[in-house]
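The values are calculated or read from the model by the stated rules, or taken from the named source; none is laboratory data. No experiment lies behind these values; they were computed from the predicted model shown. Here the Cβ positions follow ideal geometry from the backbone for every residue, glycine too, while neighbour counts run over all protein chains shown. Quick note on the areas: whole protein, heavy atoms, side chains included, nothing else; ligands and nucleic acids left out. Shrake-Rupley method; radii C 1.70, N 1.55, O 1.52, S 1.80 Å.
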Amino acid sequence: MALSTSPALRGPVLPALIATAGDSARQRFMEFFAAQIRNPNTRRAYARAVSGFLSWCDDHHIRHLPDITPLHVATWVEQENRRVSAPSVKQALAALKHIFDWLVTGQIIPTNPAASVRGPAHSVRVGKTPVLEAHEARALLDSIDISTSSGLRDRALIALMVFSFARIGAALSMRVEDVFIQNRRLWVRLNEKGGKQHAMPCHHTLEEYLHAYLDGTGLADTPKSWLFCTIKRGTKHFSQNRLEQPDAYAMVRRRAKAAGIKTAIGNHTFRATGVTTYLKNGGTLENAAAMANHSSTRTTQLYDRRRDDISLDEVERIRL
């Protein structure tokens, strides 16, 4: 299924089971992705999961939606569990439960075949996101050549994620006007997951980097522009297009390699690095949760990697 991820879902290629189910089923299926899921990342993930399952059904000669049973869903989940990680399987099952619920309430099918299927057990106490030591993060920021617009942009973006605990999606969704003065300090406004708006005062280092970026590139005069833009091909000037997450990921890996950092970092590394460094320096878990805009400290604990140092110290006690 090549579902478009735009709100309008232009030009989708529907799975065979949906395409042959009639106009009402096709319309209801499209409405699920267009109207029920606002987050584009979730929409893409759900589209992949539904596509995978419906293609599997087609391969196993299931030709009509009402013919899908809990046994079919459970068999597919079991096969997926051998192929991908438990969190991915749980997300895929959630996608099936949600879309079948939507089809039931739309009177397309009589019951939800995924409702009674249980996903794989999975419990996480510590996150898997690679985290940098404070000196590594400092070395990375210092290694960036800021004589170019792209260097100023990249340093500001990385610093924003470290010092404000911003998610990459929220950072790349910022406009220039989302950097503003309040109480004689620079603040940033982040539009986080679930439509939550979150404002944070800037660390003095982040304030310095943002001022250098905005003043040095002239973006300060264009408040409605994207804060982090791509560079026009063949030039050193910014385009009107915002930087996307894959572009940011490639930039981060490239900058880390140039700085001699061996850790396989990604966009989320800097959020976890900021939280861990804050806690190591005496910050409280409750304040870290508020700064990261987490509704529960249990989520923040996944970013707390202070125990990694303890584990390393203890391992070194094994002396032979």
Practice task
Scan the stretch 251-280 and report the pairs whose first residue is part of a helix (DSSP H, G or I) and whose second residue is open to solvent by 10 Å² or more (accessible area, probe 1.4 Å) and small (Gly, Ala, Ser), with Cβ atoms within less than 6 Å and a gap of 6+ or a chain change.
Solution key: Thr273/Ala137; Thr277/Ala134
Exercise for the section: Find all pairs meeting these conditions: Cβ atoms under 9 angstrom apart; at least six residues apart or on different chains; first residue within the stretch 157-175 and closer than 15 Å to Tyr278 by Cβ and part of a loop (DSSP other than H, G, I, E, B); second residue open to solvent by 10 Å² or more (accessible area, probe 1.4 Å) and among the aromatic types (Phe, Trp, Tyr). Expected result: Phe165/Tyr278; Phe165/Tyr303
Practice task
Assess whether Asp215 counts as being of a type in the set (D, E, K, R), surrounded by fewer than 16 Cβ atoms within 10 Å (Cβ to Cβ) and at pLDDT 90 or above.
Solution key: yes
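Please pick out the residue among Ser147, Ser55, Ser51 that is without any contact (Cβ under 8 Å) to a residue 12 or more places away in the chain and not β-branched (Val, Ile, Thr).
Within the list Ser147, Ser55, Ser51, the selection yields Ser147.
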Problem - Enumeration of residues in the stretch 58-78 that are in a helix (DSSP H, G or I) and in contact (Cβ under 8 Å) with a residue 12 or more places away in the chain - result: Asp58, Leu65, Pro66, Pro70, His72, Val73, Ala74, Trp76, Val77
Practice task
Examine the stretch 92-103 for a residue that is under 26 Å from Glu244 (Cα atoms) and open to solvent by less than 50 Å² (accessible area, probe 1.4 Å), and state whether such a residue exists.
Solution key: yes
Problem - Scan of the stretch 183-218 for residues that are more than 30 Å from Asn39 (Cα to Cα) and not in a helix (DSSP H, G or I), ordered by number - result: Asn183, Arg184, Arg185, Gly218
